[in-house]
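Everything below concerns the one structure shown next.
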Amino acid sequence: MASKEGKYNIKAISKMLGIQAGTLRAWERRYQIIEPVRNKAGHRLYSDEHVAILRWLIDKVNKGFTIGQAVDLMEKGSIAVESNNFQGGDYSVQLSDEILKALLSFQENKANQLLNEAFSLFSVDKVTIDILGALMVKVGHMWESNQITVAHEHFVTSFLRTKIGTIFHNIPINGMMPKVVAVCAPNETHELGLLIFTLFLRRKGFEVIYLGAGIPKEDLEVVIKEVEADIFVTSCTLEPNLSEALSLISHLNQVFPKLKIGAGGFAFDHLIEGRTDYQNILVGKTKQDWEQWLKNVV
């Protein structure tokens, strides 16, 4: 059993668990999750038991829970839930697989139930990027390798587009943040990757004008001028469309020299020739990559 004797000050806890002291104090004030021991001088000391509780909570947050959800699980004594759901690792992976299985069986109601469960357990970012994003990638690979029919791919895509689009339009924007115009590369019809990336930007407060697929270059110029966009992002999945995507980027660089540009998708991820020339615009494949690209752009 973990000791209840106060041993560690807040600086030691911060270093040991990788949590900012201010964050820890905020958790204590809001959720009353632990009560540090006070020594004779009135300094806060944490016990081994406190360390075990905090380590458990931090692990849940790292897996995508909000701190409120993690505390709720702990207070409900949900260690049984944890052992049942997380035996194979991150439960989000299992949920993503189950949602995909339901959709490929055209069981929309079951897919909705599973997705609702995901939103009850995890943050919006975790659900959209780690669950729906992973699901999208799997569907793409299955379709390209002829493991599923066009009908399956269309059904799954339609479901995801509707769900992600609903989330996107319900997120408030910060009028002081840069404006972003997002469009699929010429001839591209695969837009889910771009939609998930723009959802990430919208969650950051950016005002995103999402145009999707099939937008002529001339119309795109009109929109960029009209909204006075600061950032342009595009996505290219199919490699045969990459040359036109790069041509569009070069054109926009000439017409709008101050415009910041980002590009992603399977074709850009596997860009070999000229990669050095385009390194600064590649947004990458993971949330960590996206965060780093944003730091360089904004």
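Rule-based calculations on the coordinates, nothing more; no lab input. Quantities reported herein were computed from a predicted structural model and do not represent experimental measurements. Quick reminder, even Gly has a Cβ in these numbers, built from the backbone with ideal geometry, and neighbours come from all protein chains shown.
Each Lys and Arg adds +1 at its Cβ and each Asp and Glu adds -1 at its Cβ; summed about the Cα centre, the range 10-85 shows a dipole of about 400 debye.
When the chain is treated as a GNM with alpha-carbon contacts under 10 Å, the residue of Asp72, Asp230, Asp97 showing the greatest mean-square fluctuation is Asp72. Calculated FRET efficiency, Met176 to Ala41, Cβ-Cβ distance, R0 = 30 Å: about 0.10 to the nearest 0.05. Once C-alpha pairs closer than 8 Å and six or more residues apart are averaged by separation and normalised to the residue number of the chain, the relative contact order reads 11 percent. Partner aspartates and glutamates whose Cα lies under 16 Å from the Cα of Lys63, excluding those fewer than 8 positions away in the same chain, are identified as Asp72, Glu82, Asp90, Glu117, Asp125, Asp130.
As a proxy for reagent exposure, His169, His152 were ordered by neighbouring Cβ count within 10 angstrom, fewest first; the result is His169, His152.
The long axis of helix 48-62 is offset from the longest Cα principal axis of the chain by roughly 10 degrees.
Result for the chain in a Gaussian network model with C-alpha springs under 10 Å: among Ser158, Ser145, Ser105, the largest mean-square fluctuation is at Ser145.
Taking the charge dipole of the range 10-85 about its Cα centre, with +1 at Lys and Arg Cβ atoms and -1 at Asp and Glu Cβ atoms, the residue from Ile34, Ala21, Leu54 reaching farthest to the positive side is Ala21. The GNM of the chain, with springs linking C-alpha atoms under 10 angstrom apart, assigns the highest mean-square fluctuation among Thr234, Thr23, Thr286 to Thr23. Across every pair of non-identical alpha carbons in the chain, the mean reciprocal distance, once inverted, gives a Kirkwood radius of 21.7 Å. For the range 91-167, the Kirkwood hydrodynamic radius comes to 12.3 Å, computed from all pairs of different C-alpha atoms. Using the Cα gyration tensor of the range 1-52, with a ≥ b ≥ c the square roots of its eigenvalues, what is the shape: rounded (a/c below 1.5), prolate (a/b larger than b/c) or oblate (neither)? Here the range 1-52 falls in the rounded category.
Each residue in Thr276, Thr189 was given a count of other beta-carbon atoms within 10 angstrom of its own, and listing them fewest first yields Thr276, Thr189. For the range 197-298, a/c is less than 1.5, where a ≥ b ≥ c are the root eigenvalues of the C-alpha gyration tensor. That puts it in the rounded class. The charge dipole of the range 130-224, taken about the Cα centre with unit charges on the Cβ atoms of Lys, Arg (+1) and Asp, Glu (-1), comes to about 400 debye, rounded to the nearest 20.
When +1 charges are put on Lys and Arg Cβ atoms and -1 charges on Asp and Glu Cβ atoms, the dipole computed for the chain relative to its Cα centre reaches about 1540 debye. With a sphere of radius 12 Å drawn around the Cβ of Leu282, what net charge do the other residues whose Cβ falls strictly inside it have (Lys, Arg +1; Asp, Glu -1)? Summing Lys and Arg as +1 and Asp and Glu as -1 gives -1. Over the C-alpha trace of the range 253-298, radius of gyration and Dmax come out as 11.0, 31 angstrom. Helix 133-144 and the long axis of the chain differ in direction by around 40°, with both axes built from C-alpha atoms.
May I ask for the angle, rounded to the nearest 10°, between helix 242-255 and the longest principal axis of the chain, with both axes built from Cα atoms and the value confined to 0 to 90°? Tilt of helix 242-255: around 90 degrees.
Looking at the calculated P(r) for the range 10-85, what percent of the C-alpha pair distances fall above 19 Å?
For the range 10-85, the fraction of Cα-Cα distances above 19 Å is 33 percent.
The ranking of Val297, Val222, Val233 from fewest to most other beta carbons within 10 Å of each one's beta carbon is Val222, Val297, Val233.
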